[in-house]
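Below you'll find the structure, written out as structure tokens, and then a few comments.
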Amino acid sequence: MDPKYSYLPQGLQPDESSPQWLSKGDNAWELTAAAMVGLQSVPGLVILYGSMVKKKWAVNSAFMALYAFAAVLICWVLWAHRLAFGTHLMPILGKPEQSMAQNFLLRKYSHYNIPTADYVFYQFAFAAITVILLAGSLLGRMNFYAWMIFVPLWITFSYTIGAYSIWGSGFLEPIIDFSGGYVIHLSSGVAGFTAAYWVGPRHSHDRQHFPPNNIIHMLGGAGFLWMGWTGFNGGSPLASNLITSLAILNTHICTATSLLVWLSMDMIFYNKSSVIGAVQGMITGLVCITPGAGIVEPWAAILMGISSGSIPWFTMMVLHKKSAFFQKVDDTLGVFHTHAVAGLLGGILSGIFAKPKLLRMFYGSDKYGPGFLYSIIDGDIKRGLKQMVYQLLGAAFITIWNVVATSLICIFISRIVELRLHEDDLEIGDDAVHGEEAYALWGDGERDPPRFNRTPKIPSFCRRHGTSH
């Protein structure tokens, strides 16, 4: 027997599918976490988008999410993963290579006890949900063919740049971004708002009157999003450890706090408890805790929840309505407020509340942090200020890059196909775009009431009361 397998009992052969470095517990958790992030998109955001929009846009909105999920996966394994996490090519980008070779996928990932295949799938789920979140700004008017082109271009030229710059070996590596407050949420919010500017507004009637077609289903989609965030933040340590447990608990504490604060704001200023408002508060809480989930204490998660339930509420419910700039751009679901504002807020607060010990446990070194608050306590305020500068620099870079890259992508696509649907199609919706509708009101997929060859009998109840049927 090979000496390296001398630890095995005599006669027992090593199992090649379970190498000595593999932690089955970590592997199982990471695959579970990745699947949970995937479920946030499909079916989570598919259901949320399909029910949160006007009935005539339900199919189109859900289909935009489903298409993006599939398209991103193919892009991811063919070239995008290595652009975001591959061999260093430049300070903002890795070398574009495929990620499907067995010797690449089945080897140990970095110093973690999981195969690289786990990491590829987990990061794909992140990339997919980012572009799907972006879609929330464009619902109800974007040409589906333009969307089909937009998704691979944006993932390639925008998302991978932010991911490599902060999470890869890029020039913004010292930034604290536990699970994507900048890479995912600030990016999707800014890019969505920018794309909404280039695509143009919805039909004038839709912009004034756009009620959700099914609030109960909307809550179901929101539930997938909330519970799926257990894997979203819990998977970032790439192991089943103490930071994982803390990240999950902090995620739910911040989210619940934010929901309650947003709900309270609605009740105080509008005298009504809005279900849609509660979902928005839930989302801002999830987004805000993301960059600091495993590196802040629970009391800080509560403060972050209070901030995420109030500041994005103000920008959406007050500032947006008074600002000519915000009114000019038709951001269908308010993604700028729920993701860009909340993501920026979370990144800044993470730079303030990040605890040195937790940073060491997560990153394995002292080059991150400490949070500004702890730098004051420890008398090392220069390091805390330096970290805050990195947090602000990262936010500025992600914002500027997404504005520029998204604008160039939209301008390029507009030379090939119209970004916005024609007015006639905007009046009709799903039937004009896909030849399908969300609800068959008359049975068996019929969209028109059945035609009778004879006059139907008048019910006896109507005859007795002298009314017609």
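The values are calculated or read from the model by the stated rules, or taken from the named source; none is laboratory data. As the structure is a computational prediction, the values presented were derived from the model and not from experiment. Cβ placement follows ideal geometry from the backbone for every residue including glycine, while neighbour counts extend to all protein chains displayed. For the accessible areas, the whole protein counts, side chains as well, though only heavy atoms, and no ligand, DNA or RNA atoms are used. Shrake-Rupley method; radii C 1.70, N 1.55, O 1.52, S 1.80 Å.
Label-to-label distance for Ala324 and Ser245 is 5.7 nm, based on points extended 7 Å past Cα in the beta-carbon direction.
With a 1.4 Å probe and all protein chains left in place, how much accessible area per residue does the chain have, in Å²? Let's see the in-between values first.
Working: 21040 Å² over 469 residues.
That works out to 45 Å² per residue.
In this Cβ point-charge picture (+1 for Lys and Arg, -1 for Asp and Glu), the chain has a dipole of about 780 debye about its Cα centre.
Between the residues Val199, Ile248, Val120, the greatest Cα displacement towards the positive end of the dipole of the chain, with unit charges on the Cβ of Lys, Arg, Asp and Glu, is found for Val199.
Please give the FRET efficiency for Tyr67 paired with Met267, using the beta carbon to beta carbon distance and R0 = 45 Å, rounded to the nearest 0.05. Approximately 0.70, to the nearest 0.05. Relative to the dominant Cα principal axis of the chain, helix 342-353 is inclined by about 30°. For the stretch 57-73, putting each phi into the Karplus relation 6.51 cos²θ - 1.76 cosθ + 1.60 with θ = phi - 60° gives couplings of 10, 4, 5, 4, 5, 5, 5, 4, 5, 5, 4, 4, 4, 5, 5, 5, 4 Hz, in residue order, rounded to whole numbers and with x for Gly and Pro. Scalar couplings 3J(HN,Hα) for the stretch 192-209, obtained by applying the Karplus form with A = 6.51, B = -1.76, C = 1.60 to θ = phi - 60°, are x, 5, 5, 5, 4, 4, 6, 5, x, x, 5, 4, 3, 5, 5, 5, 7, 9 Hz; x denotes Gly and Pro. Overall form of the stretch 195-339: prolate. Here a/c, set by the Cα gyration tensor axes a ≥ b ≥ c, is 1.5 or more, and a/b is the larger of a/b and b/c.
Residues within the reach of a label modelled at Arg207 (point 7 angstrom out along Cα to beta-carbon, backbone nitrogen below 16 Å), restricted to the stretch 272-304: there are none.
Averaging the sequence gap over all C-alpha pairs within less than 8 Å and six or more residues apart, then dividing by the number of residues, gives the stretch 77-233 a relative contact order of 25 percent. Helix 242-270 and the long axis of the chain differ in direction by around 30°, with both axes built from C-alpha atoms.
Solvent-accessible surface of protein heavy atoms, probed at 1.4 angstrom with all chains present, puts His185, His111 in the order His111, His185, largest first.
Give, as a single signed number, the net charge of other residues whose beta carbon lies under 13 Å from the beta carbon of Gly292, with Lys and Arg counted +1 and Asp and Glu -1.
Once positives and negatives cancel, what remains is -1.
In the chain, a dipole from Cβ-located charges (positive for Lys and Arg, negative for Asp and Glu) runs towards its positive end, and of Ser258, Cys410, Ala432 it is Ser258 whose Cα lies farthest in that direction.
In terms of distances greater than 24 angstrom between alpha carbons, the cross-link table entries Lys108/Lys355; Lys54/Lys272; Lys355/Lys382; Lys24/Lys108; Lys272/Lys321 yield Lys108/Lys355. Here Trp226 sits with roughly 60 square angstrom of accessible surface, probe radius 1.4 Å. Just the protein heavy atoms count here, and of the accessible area of the stretch 228-322 at 1.4 Å, carbon and sulfur take up 73 percent. Where does helix 215-234 land angle-wise versus the long Cα axis of the chain, in degrees 0 to 90, nearest 10? It works out to around 10 degrees.
At an R0 of 51 angstrom, the distance between the Cβ atoms of Asp431 and Met361 translates into a FRET efficiency of 0.40. Per-residue Karplus couplings for the stretch 398-405, computed as 6.51 cos²θ - 1.76 cosθ + 1.60 with θ equal to phi - 60°, are listed in order as 4, 5, 5, 4, 5, 4, 5, 5 Hz, Gly and Pro entered as x.
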